[in-house]
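Engineer: Got a structure for you, written out below as structure tokens; questions coming shortly.
The values are calculated or read from the model by the stated rules, or taken from the named source; none is laboratory data. This one's a predicted model, so the numbers in the text were calculated from it and none came from an experiment. Virtual Cβ from ideal backbone geometry, glycine too; neighbours counted across all protein chains shown. For the accessible areas, the whole protein counts, side chains as well, though only heavy atoms, and no ligand, DNA or RNA atoms are used. Shrake-Rupley method; radii C 1.70, N 1.55, O 1.52, S 1.80 Å.
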Amino acid sequence: MCMTRLSSLNLDMPVILEPMHAFPSIRDLVTDVSWNFRVKKTIKKFRPRSPDAPDGTWRMHQADVDRVQEFRKCIECFLCQDVCHVLREHHKHDEFIGPRFFVYAAALEMHPLDTEDRVKDLKDKHSIGYCNITTCCRQVCPEFITITENAIIPLKERVVDEFFDPLKKLLNIL
């Protein structure tokens, strides 16, 4: 299956429309994507740090703000979820939240004001380790969000740093 922008379609060729394959079909081209909305509720919400300025506001570096702006472009079309092999072919919906919600988690986790820790949940509850970075999700994103490089890989790095860093384990023993 290939996702194509209408502006780049070759109108001399037939156009094939199919429903999403990672979600149950309701009728014709309509699929039940309600699972996605239930999954979003399982991700810990934004928890801001205390204001750091006397007037009750926060100070942030522009680079930190810019880093998470890309993730806000998501239109929740769920095309990335549909092409994700973990959901589409392996049907790991009970264990894996998929690329859309790794983008959502990254937007929260990398926000300069957020203090919530989602790393353990990413590893245990949301199974980020199942993602093998095929970049299918990035390739179909109509908003051109760099899902794998800017969201999933940095989240995986946080999981590795927290749970699998041998130097950190050695320091904890000492």
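Engineer: For Ala105, indicate whether it is at pLDDT 95 or above and among the small types (Gly, Ala, Ser).
Structural biologist: Details: at pLDDT 95 or above: yes; among the small types (Gly, Ala, Ser): yes.
Spelling it out, Ala105 is indeed at pLDDT 95 or above and among the small types (Gly, Ala, Ser).
Engineer: Would you check if there is a residue in segment 86-94 being among the basic types (Lys, Arg), surrounded by 18 or more Cβ atoms within 10 Å (Cβ to Cβ) and touching a Phe, Trp or Tyr at 6+ places or on another chain (Cβ under 8 Å)?
Structural biologist: Checked against the condition, which is being among the basic types (Lys, Arg), surrounded by 18 or more Cβ atoms within 10 Å (Cβ to Cβ) and touching a Phe, Trp or Tyr at 6+ places or on another chain (Cβ under 8 Å), segment 86-94 yields no hits at all.
Engineer: Tell me which helices (runs of 4 or more DSSP H) are completely within segment 84-174 and hold 1 or more residues being over 26 Å from Asp32 (Cα atoms) and charged (D, E, K, R), or say none if there are none. Before you say what the answer is, go through the steps one by one.
Structural biologist: Numbers: elements: 85-88, 99-109, 119-124, 136-140, 153-163, 166-173.
It comes to 99-109, 119-124, 153-163, 166-173.
Engineer: Restricting to segment 116-135, give me the number of residues that are in contact with a Ser or Thr (Cβ under 9 Å, 6 or more places away or on another chain) and in contact (Cβ under 8 Å) with a residue 24 or more places away in the chain. So that I can check it myself, show each step before the final result.
Structural biologist: Looking only at segment 116-135, we keep the residues that are in contact with a Ser or Thr (Cβ under 9 Å, 6 or more places away or on another chain), and these are 121, 125-126, 131, 133-135.
Pick out the ones that are also in contact (Cβ under 8 Å) with a residue 24 or more places away in the chain and you get 121, 125-126, 131, 134.
So the answer is 5.
Engineer: Can you work out which of the residues in segment 68-84 that are free of Cβ contacts under 8 Å to residues at least 60 places away in the same chain and open to solvent by 70 Å² or more (accessible area, probe 1.4 Å) is farthest from the chain's Cα centre (by Cα)?
Structural biologist: Step by step, filter segment 68-84, then rank; the result is Gln69.
Engineer: Still on this structure, I have one more. Out of everything in segment 25-43 that is open to solvent by 80 Å² or more (accessible area, probe 1.4 Å) and part of a loop (DSSP other than H, G, I, E, B), what residue ends up being nearest to Tyr104 (Cα to Cα)?
Structural biologist: So, considering only residues that are open to solvent by 80 Å² or more (accessible area, probe 1.4 Å) and part of a loop (DSSP other than H, G, I, E, B), the one nearest to Tyr104 (Cα to Cα) is Lys41.
Engineer: So, in segment 110-142, how many residues would count as being in contact with a Cys (Cβ under 8 Å, 6 or more places away or on another chain) and exposed (fewer than 14 other Cβ atoms within 10 Å of the Cβ)?
Structural biologist: Residues in segment 110-142 being in contact with a Cys (Cβ under 8 Å, 6 or more places away or on another chain) and exposed (fewer than 14 other Cβ atoms within 10 Å of the Cβ): 1 in total.
Engineer: A further question on this structure: Mind telling me which of the residues Pro19, Pro54 ends up being of a type outside the set (S, T, N, Q), at pLDDT below 95 and open to solvent by 100 Å² or more (accessible area, probe 1.4 Å)? Don't jump to the end; show me each part of the working.
Structural biologist: Numbers: Pro19 fails: open to solvent by 100 Å² or more (accessible area, probe 1.4 Å).
Among Pro19, Pro54, only Pro54 is of a type outside the set (S, T, N, Q), at pLDDT below 95 and open to solvent by 100 Å² or more (accessible area, probe 1.4 Å).
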